[in-house]
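Peer 1: First the structure, which I've put down as structure tokens, then a few questions once you've had a look.
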Amino acid sequence: MTKQMDHSKKILMLTSQHSPLDGRIFHLEAKTLRDAGHSVTIVAEKIENYPQYIDGVRIITYQKSGRGIFRKWNTLKALTSHAISIKADVLHVHEVDAPLLAAVWAKRSLSKRGRKIKIVFDSHEVWPFFFAGKTKNHFVRELIKHLVIFYENFMLSRYIDGVITAHEIEENYYKFLDPWVPVRKVLGGPPVDSWDDPPVHTGPVTVIGYDGYFTFNRGMRTVLGAFEIVAAEFPDIRLLAAGDFKYPEDKDYFEAWCERTGLRDRVEFTGWIDRSDIVNYLDRMDIGIVPNNPDIHSIRCWPANKMMYYMARAVPVVSTPSPLYIDNIKKIGCGLVAASFGHESVADSLRKLIENPDESRKMGIRGYKIAKQEYNWAKARKELLSFYDELDTFDKAKIGVISQDNY
């Protein structure tokens, strides 16, 4: 158990896009804060019938309803209602849209009643590029990007008391926007400290693995296209997709692909996997794919969760050529980067690892050494608790920094 902090808090986590049992939100952050003596509640979309308490963390779910802007509005109302009624000391929000707006709304409402609360913004994405990347129209993309930057800058200067980020780029981005706000990078890597050493693989490469949501915007077409090519050349190769579909169109595409290729019996699709069970699937993989798309958002994220999890189990990687992946995979020596984002190029890299299993496994071991040192939850827990300690001592109002408009 982590040593308890001096001042326990009532922490309410708000999310609109993640499962209550998300690896970062629940297994890393909520449990760490619980062990430090805090009371932690997660408010998330209702996907299954979760019990009210799991491992000492309270779970509250809400039902999303409506479509388009009405769905967003109903989500905002549900999150705001819980944020006001629960009266937490800290609102820990995981997305920049509805959860952050709900937290600000609740903070303003409760402050009028004499209750002072703080907002922690936990940024998993580079949000200006996340939203801008949803359109191919250059003018609209630039407009969205700058509007989100303006919005985040406004929130930082007036309402956000601290920022946690999942990647280095986000950490530097928020420090650039507002140097007064405490910012801390907390990598959501795997619990390397609690896992046994990865198994020693021998013999031929037989399992190509993919970890995470199996969806278009995360490279599903690339994975399936590359596998289709190597499956025709290597009859013993199988694909293990350790994750779930996110949207109905993802499942429809997969089903049509299976029907067209006749490869259904060589693909194992697991569906949703709790992060605490993922190690059992990673240990069956001989290669892990990181199929980032060349969009303006994906190329700004290093390392992706799947990258850290592959490395933590000595699984060599094949990645598409995002600049950060080219630099880091080459530096670490933990895999290969395809020559282009096309599935033919990814298949070429897979082929090299399949045909050279000994060298492939040496790459995996090099990756494991870095993961054990850099992506360990013990390090992330320390950063998280240190951040909450800093949150206790920092108050912009006390040092006369209320708004950037003062200057």
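Peer 1: What number results when the radius of gyration of the chain, computed over Cα atoms, is divided by 2.2 N^0.38 Å?
Peer 2: 1.01
Peer 1: While we're looking at this one, here's another question. Any idea which of Trp73, Met285, Tyr174 is furthest toward the positive side of the dipole for the chain, if Lys and Arg beta-carbons carry +1 and Asp and Glu beta-carbons -1?
Peer 2: Farthest along the dipole direction, towards plus: Trp73.
Peer 1: If you don't mind, there's one more thing I want to ask. At 10 °C and 1.306 mPa s, what whole-number value in µm²/s does Stokes-Einstein give for the translational diffusion of region 224-329, with Rh from the Kirkwood sum over Cα pairs?
Peer 2: Values: Rh = 15.2 Å.
Result for D is 105 µm²/s.
Peer 1: Calculate, in nm to one decimal, what Trp195 and Phe216 gain on full extension: separation in residues at 0.36 nm each, minus their alpha carbon distance.
Peer 2: Extra length available between Trp195 and Phe216 comes to 4.4 nm.
Peer 1: Something else about it: With runs of 4+ DSSP H residues as the only contributors, calculate the mean residue ellipticity of the chain at 222 nm using -39,500 (n - 2.57) per run, divided by the residue total and rounded to the nearest 500. It would help to have the intermediate numbers written out before the result.
Peer 2: Numbers: 14 runs with 174 residues, N = 407.
It comes out at -13500 deg cm²/dmol, rounded to the nearest 500.
Peer 1: Rounding to the nearest 20 debye, state how big the charge dipole of region 271-407 is about its Cα centre with +1 on each Lys and Arg Cβ and -1 on each Asp and Glu Cβ.
Peer 2: 420
Peer 1: Something else about it: About the Cα centre of the chain, how large is the charge dipole given +1 on each Lys and Arg Cβ and -1 on each Asp and Glu Cβ? Please answer in debye to the nearest 20.
Peer 2: Numbers: 56 positive and 52 negative charges, 318 e Å.
Rounded to the nearest 20 debye, it is 1520 debye.
Peer 1: Return the distance in nm (one decimal) between the two label points of a simple spin-label model at Asp389 and Ile273, each offset 7 Å from Cα along Cα→Cβ.
Peer 2: Result: 3.6 nm between the two label points.
Peer 1: Okay, moving on. How would you order 324-333, 86-95 from highest to lowest mean count of nearby Cβ atoms within 10 Å?
Peer 2: Put in order of decreasing packing, that is 86-95, 324-333.
Peer 1: Explain nothing, just the number: dipole magnitude of region 237-297 about its Cα centre with +1 on each Lys and Arg Cβ and -1 on each Asp and Glu Cβ, in debye rounded to the nearest 20.
Peer 2: On the way: 8 positive and 13 negative charges, 34 e Å.
Using only the charged Cβ atoms, the result is roughly 160 debye.
Peer 1: Which GluC sites (Glu not before Pro) from region 1-83 combine a DSSP loop assignment with at most 15 other Cβ atoms within 10 Å?
Peer 2: Glu48
Peer 1: Something else: Tell me, what is the 1.4 Å probe accessible area of His146, in Å² to the nearest 10?
Peer 2: Its accessible surface works out to 110 Å², give or take rounding.
Peer 1: Expressed as a fraction of 2.2 N^0.38 Å, the rule-of-thumb size for a compact globular protein of N residues, what is the C-alpha radius of gyration of region 329-374?
Peer 2: In units of the globular-protein estimate, region 329-374 measures up at 1.22.
Peer 1: Show me 295-304, 52-61 ranked by packing, highest mean number of other Cβ atoms within 10 Å first.
Peer 2: The peptides rank, most packed first, as 295-304, 52-61.
Peer 1: Of Lys10/Lys379; Lys145/Lys251; Lys10/Lys72; Lys87/Lys118; Lys46/Lys77, which pairs sit farther than 20 Å apart, going by alpha carbon to alpha carbon?
Peer 2: From the list (Lys10/Lys379; Lys145/Lys251; Lys10/Lys72; Lys87/Lys118; Lys46/Lys77), the Cα-Cα distance tops 20 Å for Lys10/Lys379; Lys145/Lys251; Lys10/Lys72.
Peer 1: Separate question: Mind giving me the FRET efficiency for Phe150 and Asp236? R0 is 51 Å, r the Cβ-Cβ distance, nearest 0.05 is fine.
Peer 2: In this case the efficiency is close to 0.40.
Peer 1: Which of the trypsin sites (Lys or Arg not before Pro) across region 127-216 are loop residues per DSSP, with 15 or fewer other Cβ within 10 Å?
Peer 2: Lys134, Lys136
Peer 1: Another question about this same structure. Ignoring ligands, DNA and RNA, what percent of the 1.4 Å accessible area of the chain is carbon and sulfur? The partial results should precede the final answer.
Peer 2: Details: 9840 of 18660 Å².
In the chain, the share of accessible area belonging to carbon and sulfur is 53 percent.
Peer 1: Additional query: How much accessible area per residue does the chain have, in Å², with a 1.4 Å probe?
Peer 2: Per residue, the chain has 46 Å² of solvent-accessible surface.
Peer 1: A further question on this structure: What nm value, rounded to one decimal, do you get for the distance between Asn137 and Asp265 when each label is placed 7 Å out toward the C-beta?
Peer 2: Those two pseudo-labels are separated by 4.9 nm.
Peer 1: Calculate the spin-label point distance for Phe176 paired with Ile296, positioning each point 7 Å from the Cα along the beta-carbon direction, and give it in nanometres.
Peer 2: 1.3
Peer 1: Please give the FRET efficiency for Asp327 paired with Gln63, using the beta carbon to beta carbon distance and R0 = 30 Å, rounded to the nearest 0.05. Present the calculation step by step, with values, prior to reporting the outcome.
Peer 2: Numbers: r = 44 Å, r/R0 = 1.46.
In this case the efficiency is close to 0.10.
Peer 1: Turning to a different aspect of this structure: May I ask you to compute the full-extension gain from Ser39 to Lys112, defined as 0.36 nm times their residue separation minus their alpha-carbon distance, rounded to one decimal in nm?
Peer 2: 23.9 nm
The values are calculated or read from the model by the stated rules, or taken from the named source; none is laboratory data. Predicted model only: the values in this text are computed from it and were never measured. Cβ sites come from the backbone with ideal geometry, for glycine too, and all protein chains shown count toward neighbours. Keep in mind that these areas ignore ligands, DNA and RNA; they rest on the heavy atoms of the full protein, side chains included. Shrake-Rupley method; radii C 1.70, N 1.55, O 1.52, S 1.80 Å.
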